Amino acid sequence: MCYNIAVLLSGNGSNLKAIIDKGIKVSFVASNNPKALGLKIAKNENIPIYSCNNISDLEEEVLKLIIKYDVKLLVLAGYMKLLSKYFVKSLPLKFIVNIHPSLLPKYKGMNAIKQALEDCAQYTGVTIHYVDEGMDSGSIIKQEIIKINEIDTLETLKHRLQLIEHRLYSDTIKSILIRNLQN
Ligand code: GAR
């Protein structure tokens, strides 16, 4: 897929890995966490990386890199900071996508899987949505639901959700890029 995307992350980068493995070209990876494992994954794939724990400096640099690499879609993959209003408004509508481990609008924010378990929810799932200025509030692109089993722990549920994420995120990104290409 020749359309460029960029990825923002804070942690392990398993979604980044799944995206790379599906053949989607990643122009650069940026993080607020210089120790994020996702940066190592990018480095091993010879993808340019940038990290900075000062959020406004990070956002400023990411805006510059988006222009430099002619990025068409910014993908948040486990990025655990709220983007500033200025940053979101600097980019076109529907330019940023995010993945969240719950059926939004349920269980927004941090620890979504724990929130679902503590709520004794019967179902949870994965949501992919466009990013607006709010927290986990942009319009929903795709959702997939799963049943929470009685024997599920935080670890087993996270594992089951991540298996869905790794398939659903790459497929959805590909569809968005193809649709944009046709317009
Ligand atoms: C993913 O499960 C993603 O849904 C979640 O962080 C994890 C990152 O995993 N994102 C959020 O909770 C955003 N609010 P990864 O670093 O292994 O891709």
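Straight-line reach only, C-alpha to C-alpha below 17 angstrom: list the lysines that LYS22 could link to, leaving out same-chain residues fewer than 8 apart.
Once the sequence-local lysines are set aside, what remains near LYS22 is LYS174.
Taking a cut-off of 20 Å between Cα atoms, list the lysines near LYS85, but don't count ones fewer than 8 places away on the same chain.
The qualifying lysines are LYS64, LYS72, LYS94, LYS108.
What does the charge dipole of the stretch 88-144 about its Cα centre add up to, to the nearest 20 debye, if the Cβ of each Lys and Arg holds +1 and the Cβ of each Asp and Glu holds -1? Intermediate results must be reported in sequence, preceding the final value.
Values: 6 positive and 6 negative charges, 28 e Å.
Dipole size: approximately 140 debye.
Report, in deg cm²/dmol and to the nearest 500, the calculated mean residue ellipticity at 222 nm for the chain, where each DSSP H run with n ≥ 4 adds -39500 (n - 2.57) and the sum is divided by the residue count.
Numbers: 6 runs with 72 residues, N = 183.
So the helix-based figure for the chain works out to -12000 deg cm²/dmol.
Which whole number in µm²/s is D for the stretch 19-112 by Stokes-Einstein, with the Kirkwood Rh taken over Cα pairs at 20 °C and 1.002 mPa s?
Details: Rh = 14.4 Å.
Estimated via Stokes-Einstein, D reaches 149 µm²/s.
Provide the per residue accessible area, probe 1.4 Å, for the stretch 110-178, rounded to a whole number of square angstrom.
Values: 3760 Å² over 69 residues.
Spelled out: the 1.4 Å probe surface of the stretch 110-178, per residue, equals 54 Å².
Add +1 for every Lys or Arg and -1 for every Asp or Glu among the other residues with Cβ under 12 Å from the Cβ of LEU37, and state the total. Walk me through the numbers on the way to the answer.
Working: positive: LYS17, LYS35, LYS40, LYS43; negative: none.
With Lys, Arg at +1 and Asp, Glu at -1, the neighbours total +4.
Extension gain ILE67-TYR123, at 0.36 nm per residue separation less the Cα-Cα distance, in nm? Numbers along the way, then the final one.
Values: separation 56, 0.36 × 56 = 20.16 nm, distance 4.06 nm.
Result for the pair: 16.1 nm of gain on full extension.
Highest first, please rank the peptides 18-29, 62-73 by the mean number of other Cβ atoms sitting within 10 Å of their residues.
On the way: 18-29: 18.0, 62-73: 15.7.
By packing density, highest mean first, the sequence is 18-29, 62-73.
Taking +1 at the Cβ of each Lys and Arg and -1 at the Cβ of each Asp and Glu, which of GLN182, LEU76, TYR130 sits farthest along the dipole of the chain towards its positive end, judged by Cα position relative to the Cα centre?
Looking along the dipole axis, the top candidate is GLN182.
In debye, nearest 20: dipole of the chain around its Cα centre with unit charges on the Cβ of K, R (+) and D, E (-)? Spell out each step's value before the answer.
Details: 23 positive and 18 negative charges, 86 e Å.
With only Lys, Arg, Asp and Glu charged at Cβ, the dipole is about 420 debye.
If you take every DSSP beta bridge fully contained in the stretch 72-183, what fraction is antiparallel? Give it as a percent rounded to 5.
Values: 11 of 14 bridges.
Roughly 80 percent of the DSSP beta bridges within the stretch 72-183 come out antiparallel.
Using only the Cα atoms, work out Rg/Rh for the chain, with Rh taken as the Kirkwood radius, to two decimals.
Values: Rg = 15.8 Å, Rh = 16.6 Å.
Taking Rg over the Kirkwood Rh, I get 0.95.
Going Cα to Cα from LYS17, which aspartates and glutamates come in below 15 Å? Please leave out same-chain ones fewer than 8 positions away.
Counting by Cα, and skipping residues close in sequence, LYS17 has these aspartates and glutamates nearby: GLU45, GLU165, ASP171.
Take every Cα pair under 8 Å in the chain that's 6+ residues apart, average their separations, divide by the length, and report that relative contact order as a whole percent.
Numbers: 308 pairs, mean separation 36.8, N = 183.
Reported relative contact order: 20 percent.
Over the stretch 101-151, with every protein chain in place, what whole percent of the accessible area is carbon and sulfur at 1.4 Å, could you tell me?
Here carbon and sulfur together make up 53 percent of the probe-accessible area.
The values are calculated or read from the model by the stated rules, or taken from the named source; none is laboratory data. Owing to the predicted nature of the structure, the values given are computational and were not obtained by experimental measurement. Cβ sites come from the backbone with ideal geometry, for glycine too, and all protein chains shown count toward neighbours. For accessibility, only protein heavy atoms count, side chains too; no ligands or nucleic acids. Shrake-Rupley method; radii C 1.70, N 1.55, O 1.52, S 1.80 Å.
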